[in-house]
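Have a look at the structure below before the remarks.
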Amino acid sequence: MKKPLPTSAKDTFSQNIGLVPHVKNLSQEKLAEMANLHRMYVGQIERGDVTPTLEAAERVAQSLDLELWEVLQPGFSLDAVIKQER
């Protein structure tokens with residue numbers, strides 16, 4: 001069953017960021033290390049428990065080889081990410 005589209009930028013970012021590490025085989029700990037953020041903070045972002053600062057959001061996106069604007073799109077597609085991994 002497809003998830004409903006998120007209703008806020010925070011929800012959109014959290015949902016989209018939560019998808020990418022699985023495709024890239026990244027643990028939460030590794031993503032946090034790459035973004036120079038605490039692992040627990042990255043987990044809170046992925047769950048939508050916190051609203052990340054723009055700086056933190058950008059660091060997470062860049063750590064995943066994405067632009068911030070890409071992961072703020074409600075219709076974000078993993079197709080480009082999957083192609084990068086091939």
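The values are calculated or read from the model by the stated rules, or taken from the named source; none is laboratory data. Keep in mind the model is a prediction, meaning the values are calculated, not measured. Cβ placement follows ideal geometry from the backbone for every residue including glycine, while neighbour counts extend to all protein chains displayed.
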Where a residue in the stretch 1-23 is more than 10 Å from residue 73 (Cα to Cα) and its partner, wherever it lies, is at pLDDT below 90 and among the basic types (Lys, Arg), with Cβ under 7 Å and at least six apart
15/3
So which residues in the stretch 13-28 are buried (at least 21 other Cβ atoms within 10 Å of the Cβ) and at pLDDT 90 or above?
13, 14
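Identify, from the list 31, 66, the residue that is crowded, with 16+ Cβ neighbours inside 10 Å, of a type outside the set (D, E, K, R), part of a loop (DSSP other than H, G, I, E, B) and free of Cβ contacts under 8 Å to residues at least 60 places away in the same chain.
On the way: 31 fails: part of a loop (DSSP other than H, G, I, E, B).
The unique qualifying residue is 66.
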Considering only the stretch 37-53, I want to know if a residue exists there that is of a type outside the set (Gly, Ala, Ser), surrounded by 12 or more Cβ atoms within 10 Å (Cβ to Cβ), modelled with pLDDT under 85 and not in a helix (DSSP H, G or I).
no
Looking at the stretch 56-63, is at least one residue aliphatic (A, V, I, L, M), surrounded by fewer than 16 Cβ atoms within 10 Å (Cβ to Cβ), over 8 Å from the mean Cα position of the chain (by Cα) and modelled with pLDDT of 95 or more?
no
What number of residues within the stretch 34-56 satisfy the criterion of being under 20 Å from residue 73 (Cβ atoms), hydroxyl-bearing (Ser, Thr, Tyr) and without any contact (Cβ under 8 Å) to a residue 40 or more places away in the chain?
1
Unique residue being among the charged types (D, E, K, R), closer than 20 Å to residue 8 by Cβ and out of contact with any Lys or Arg (no Cβ under 7 Å at 6 or more places or on another chain) when the list is 79, 65, 49
49
